[in-house]
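Shown next, in structure tokens, is the structure this report addresses.
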Amino acid sequence: MTPASPPDKINPINSSAPRLRLIPLDDTVVFPNMGITLTIDVGDDERVVLVPRHENEFLEVGTIAEVSEQIRLPGGGRAVALTGEHRALIGAAETGPNGELRVQVDERPDEVPVDGRTRELEREYRATVEEILELRGDDGRISAFLRAIAEPGALADSAGYSPNLTYEQKVELLRTTDVTDRLELAVRLQRESLAELQVRKRIREDVQEGAEKQQREYFLRKQMDSIRKELNEDDASVAEEYRTKIDESAMPDEVREQANKELSRLERMGEQTGESSMIRTYLDWLIAVPWGKRSDERLDPVAARAVLDADHAGLEDVKDRVTEYLAVRKLREERGIEAAPKSGAILTLIGPPGTGKTCPLVAFATRPRSVVTAAPTSAHCRDGSSVPCETPER
């Protein structure tokens with residue numbers, strides 16, 4: 001212990017007040033009912049006063065402590081076990097007969113209030129501390145210790161055990177001699193601690209949830225990769241299979257160039273992205289188109305009308321337009337009128353969705369070739385649907 005000097009702030013105390021040995025505590029606050037062991041020699045004193053000291057300045061209030069046990073250490077040293085009793089205001093100081101510093105003390109034991117405000121603060125303090133202990137994962141011992149405290153002043157002083165309180169906050173708590181005011185201060189300090197713990201918990205849970213999600217996705221991707229390898233469907237084999245199908249198809253050069261471009265995109269982004277399924281669907285459609293395959297046209301308007309009448313009731317305007325188109329084609333062929341290479345016809349059927357614009361053309365185009373003569377070059381409907389004209393032989 002460093003040599004003690006008299007406190008800078010002296011409280012006016014009656015000259016008959018007891019004088020106790022002053023024990024300075026550097027940046028440490030001991031509250032009533034707390035125990036502490038110090039390696040000091042207090043002589044024959046049965047009581048001492050523990051006063052916090054910060055940067056060589058003493059606090060004007062301290063804690064009177066009882067010397068509960070004196071211990072002789074190996075090597076001849078001495079130690080004492082002290083137990084806090086109650087607060088005391090520090091008065092004038094003087095040097096004792098053995099060179100120790102003694103001060104006058106104005107003892108301030110707690111007065112137990114009986115008003116409802118104090119009881120309400122007690123309940124609020126206990127509830128707040130219970131929430132804090134739950135967040136920290138208390139094993140029940142601290143909760144039992146808290147329930148065993150009956151006096152409101154001692155209950156407020158239990159906040160001094162909190163590791164979240166700073167030295168300044170503990171000093172403020174020690175200075176508050178009024179029990180109700182001290183409980184109110186303790187509740188406020190514990191609420192601040194609870195709010196900080198709740199924020200930390202939310203941050204920890206968010207971080208943990210994000211890490212678990214990434215880890216789960218990582219394992220799932222690894223499992224998917226393993227399954228693809230077992231089925232020979234890894235990304236490399238899928239891309240190679242598409243490349244082979246594109247090369248073997250008879251698609252035009254500009255279409256082949258677009259297909260290879262989409263295949264390169266699929267290889268770069270991999271199979272895990274949502275867009276990859278769209279690219280694969282597009283490639284499947286390009287490959288499935290019967291490029292370079294045409295069926296022989298058989299222009300027979302009578303047979304075509306029979307097919308339309310057999311498959312669909314009503315829709316006379318649609319049937320007439322399809323039959324008319326085939327009749328014109330047949331007539332031009334019989335008269336030897338050749339169509340220009342870039343010429344063509346588009347059948348446009350106008351009407352609301354769901355009124356049967358597309359169905360007749362689809363059925364007409366997909367009937368067996370032994371019955372149906374030919375499908376139109378193309379058919380476009382006002383609602384956006386379209387039917388390809390040239391279908392493979394069936």
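The values are calculated or read from the model by the stated rules, or taken from the named source; none is laboratory data. Small disclaimer: the values here were computed from a predicted structure and weren't measured. Virtual Cβ from ideal backbone geometry, glycine too; neighbours counted across all protein chains shown.
Evaluate region 20-37: report whether one residue or more is surrounded by fewer than 16 Cβ atoms within 10 Å (Cβ to Cβ) and over 26 Å from Glu172 (Cβ atoms).
Quick first cut of region 20-37, residues surrounded by fewer than 16 Cβ atoms within 10 Å (Cβ to Cβ) only: 26-28, 35, 37.
Subset that is over 26 Å from Glu172 (Cβ atoms): none.
No - not one qualifying residue is present in region 20-37.
Taking the conditions exactly as written (more than 28 Å from Glu60 (Cα to Cα), at pLDDT 85 or above and out of contact with any Gly (no Cβ under 7 Å at 6 or more places or on another chain)), does Glu120 satisfy them or not? Spell out how you get there, then give the answer.
Values: more than 28 Å from Glu60 (Cα to Cα): yes; at pLDDT 85 or above: yes; out of contact with any Gly (no Cβ under 7 Å at 6 or more places or on another chain): yes.
Yes, satisfied.
Considering Thr177, Thr166, which residue is of a type in the set (Ser, Thr, Tyr), under 30 Å from Ala93 (Cβ atoms) and either in the same structural domain as Val48 (by TED's automatic domain parsing) or surrounded by 11 or more Cβ atoms within 10 Å (Cβ to Cβ) (or both)?
On the way: Thr166 fails: either in the same structural domain as Val48 (by TED's automatic domain parsing) or surrounded by 11 or more Cβ atoms within 10 Å (Cβ to Cβ) (or both).
Only one candidate qualifies: Thr177.
Being hydroxyl-bearing (Ser, Thr, Tyr) and more than 48 Å from the chain's Cα centre (by Cα) is the filter here; which residues of region 45-72 pass it? Steps first, answer last, please.
Within region 45-72, the first condition is being hydroxyl-bearing (Ser, Thr, Tyr), and the residues that meet it are 63, 68.
Correct list: Ser68 only.
When residues of region 67-82 are filtered for being exposed (fewer than 15 other Cβ atoms within 10 Å of the Cβ) and either under 14 Å from Val30 (Cα atoms) or of a type in the set (Ser, Thr, Tyr) (or both), how many remain?
Total meeting the criteria: 1.
Kindly list, by first and then second residue, each pair from a residue in region 322-337 that is without any contact (Cβ under 8 Å) to a residue 12 or more places away in the chain to a residue that is of a type in the set (Gly, Ala, Ser), limited to pairs with Cβ atoms under 8 Å and residues at least 6 apart or on different chains.
Here the result reads Arg332/Ala339, each pair linking region 322-337 to a residue that is of a type in the set (Gly, Ala, Ser).
For region 189-201, does any single residue satisfy the condition of being more than 19 Å from Glu122 (Cα to Cα), outside the structural domain of Val30 (by TED's automatic domain parsing), modelled with pLDDT under 85 and surrounded by 11 or more Cβ atoms within 10 Å (Cβ to Cβ)?
no
How many residues does region 71-113 hold that are assigned to a strand (DSSP E or B) and without any contact (Cβ under 8 Å) to a residue 24 or more places away in the chain?
To start, the set of residues in region 71-113 that are assigned to a strand (DSSP E or B) comprises 71-72, 78-95, 101-108.
This time we only want the ones that are without any contact (Cβ under 8 Å) to a residue 24 or more places away in the chain, so: 72, 95.
Going through region 71-113 one residue at a time, the tally reaches 2.
Give the residues of region 121-163 that are within 11 Å of Leu183 (Cβ to Cβ) and either surrounded by fewer than 12 Cβ atoms within 10 Å (Cβ to Cβ) or of a type in the set (Phe, Trp, Tyr) (or both), sorted by residue number.
Correct list: Arg123, Tyr125.
Here are some residues: Ile246, Ile227. Which one is surrounded by 15 or more Cβ atoms within 10 Å (Cβ to Cβ), modelled with pLDDT under 90 and either among the hydrophobic types (A, V, I, L, M, F, W, C) or more than 20 Å from Met278 (Cβ to Cβ) (or both)? Working first, answer last.
Details: Ile227 fails: surrounded by 15 or more Cβ atoms within 10 Å (Cβ to Cβ).
So the residue among Ile246, Ile227 that is surrounded by 15 or more Cβ atoms within 10 Å (Cβ to Cβ), modelled with pLDDT under 90 and either among the hydrophobic types (A, V, I, L, M, F, W, C) or more than 20 Å from Met278 (Cβ to Cβ) (or both) is Ile246.
Suppose we filter Lys222, Lys229 for residues that are within 30 Å of the chain's Cα centre (by Cα) and not assigned by TED's automatic domain parsing to the domain that holds Leu25; which single one remains? Show your work before the answer.
Values: Lys229 fails: within 30 Å of the chain's Cα centre (by Cα).
Result of the check over Lys222, Lys229: Lys222.
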